[in-house]
Amino acid sequence: MRGGWTVNVPFGDLKTHYSTYKKEIDGAIARTLASGHFILGGELERFERDFEAFLGTPYAIGCASGTEAIYLALAACGVGQGDEVITVAHTAVPTISAISMTGATPVFVDVDRTTYVMDPGEVERHITAKTKAIVPVHLYGQMVDLDQIKQLALKHKLYIIEDVAQATGAVYKGRSNAGTFGDFGAFSFYPSKNLGAFGDGGAVCTNSRENFERLMMLRNYGQSKRYHHDIIGINSRLDELQAAILSVQLPFVGQWNERRQQIASRYTTGLANKVVTPGVSTHSSHVWHLYVIQVDNRDALQEYLMECGIGTLIHYPIPAHLQKAYSYLGYKSGDLPVTEALADRILSLPMFPGLTDEQVDYVIESVAEFHKTHEASDHRALATATLETTHR
Ligand SMILES: Cc1ncc(COP(=O)(O)O)c(C=O)c1O
């Protein structure tokens, strides 16, 4: 198959995505431009009310990015210098950037080796008198077991800020949407996310009116009304163009997530016994932002797939606690064994709603072919080694 491939499978395809919804999106852009209102206007308000209805939450506010969504939520809790915030190192580094922006210290716990998300059993021993909040990350589209986190939060009086950047539309125990269980839910609308803008964007949701009012001020220079700065805030607003584009796309998130689920089960069936397929917990729906496998010879597989015309990525090759920027925290190799082992073994296969079954099957066949060749060469290596030992 290598060299003679006919099916190209990109890792993502936002160009085709845009062309599929071009008419509606172009209409929304034209409407916004004609309005002459670009910041904090009707488009944002409409999107915020629609997003609240989608989540089943009383309050959602748009902001400039997922990173700032986490930051705003932490700031609304009063998290700052001298505080500790517990999260995972197996995440996109922006989760940690947001904690650092408040001046607080990130504290890392390990993840589960099959579901890849925060291991709730690891959290309690990291709680100290300085701990103020927990940030569970619903990584790859799969939710952390929040009941256990909630018990700890109640016991130790901690805030929960769910990082929902990769899990828009997931549902916990059939009752609450991702983001609505904790004190705050922080969303990213980075273009490739399950609900993506055509630029940067994010949102924070909360069940509390008081928190909502604080978030509204924090995202807009701390103003309660124009030129009245009651608290110290920043500029983190979701602009009208992005809000209008998001409003067009929001009604499709459910069907896109269903397509992601179909693709994931096709992968899981086809790849069984060839690679380690992702573990799925029973407590939440999985919305498959990413489909992440584990293999021993990850780099060789990635290169092979590239030669087959298949795009893959690694989410993430260097865990946060071993990043140069966080060396001041004093972590070293071996501190988070599962996180570190995963970083060497994981590979994200193409996953977006526009993938065809033919493309998915081609990825499966290519992985199978690599597995066959590798298994054969492993057996050959083993046979040679045995022969050498026998003849010594
Ligand atoms: C888990 C996670 N948290 C936070 C973020 C930050 O979102 P944004 O890129 O919108 O700032 C991302 C995006 O990459 C993410 O994947």
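The values are calculated or read from the model by the stated rules, or taken from the named source; none is laboratory data. Just so you know, these numbers come straight off a predicted model, no measurement behind them. Here the Cβ is made from the backbone with ideal geometry for all residues, glycine too, and neighbour counts use every protein chain on show. The area values use the complete protein model at the heavy-atom level, side chains included, leaving out ligands, DNA and RNA. Shrake-Rupley method; radii C 1.70, N 1.55, O 1.52, S 1.80 Å.
Numbers for the structure displayed
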item	result
Charge dipole of segment 253-380 about the Cα centre (unit charges at C-beta), most positive-ward option of S333, V292, Y267	S333
For peptides 338-345, 192-199, sequence by mean Cβ density within 10 Å, most packed first	192-199, 338-345
The chain: relative contact order as a whole-number percent, Cα under 8 Å and 6+ apart	22
Alpha-carbon centroid distance for the pair segment 49-127 / segment 198-242, whole angstrom	17
Fraction of beta bridges assigned by DSSP in the chain that are antiparallel (%, nearest 5)	60
Solvent-accessible area per residue for segment 102-163 (1.4 angstrom probe, square angstrom)	38
Prolate/oblate/rounded call for segment 94-207, Cα gyration tensor, a/c under 1.5 rounded	prolate
Rounded if a/c under 1.5, otherwise prolate or oblate - segment 253-380, Cα gyration tensor axes	oblate
Bins of 10 Å, starting at 0 and running to the largest distance - Cα pair percent for the chain	5, 22, 30, 24, 13, 4, 2, 1, 0
Cβ-placed point charges (K, R +1; D, E -1), dipole of the chain about Cα centre in debye, nearest 20	500
Cross-link partners of K274 among lysines (Cα-Cα below 26 Å; sequence separation of 8 or more within a chain)	K372
Segments 275-286, 126-137, 201-212 sorted - mean Cβ within 10 Å per residue, highest first	201-212, 126-137, 275-286
Whichever lysines have a C-alpha closer than 24 Å to that of K150, once near sequence neighbours (fewer than 8 apart) are set aside	K130, K132, K173
Structure-based [θ]222 nm, the chain - -39500 (n - 2.57) summed over DSSP H runs of at least 4, per residue, nearest 500	-13000 deg cm²/dmol
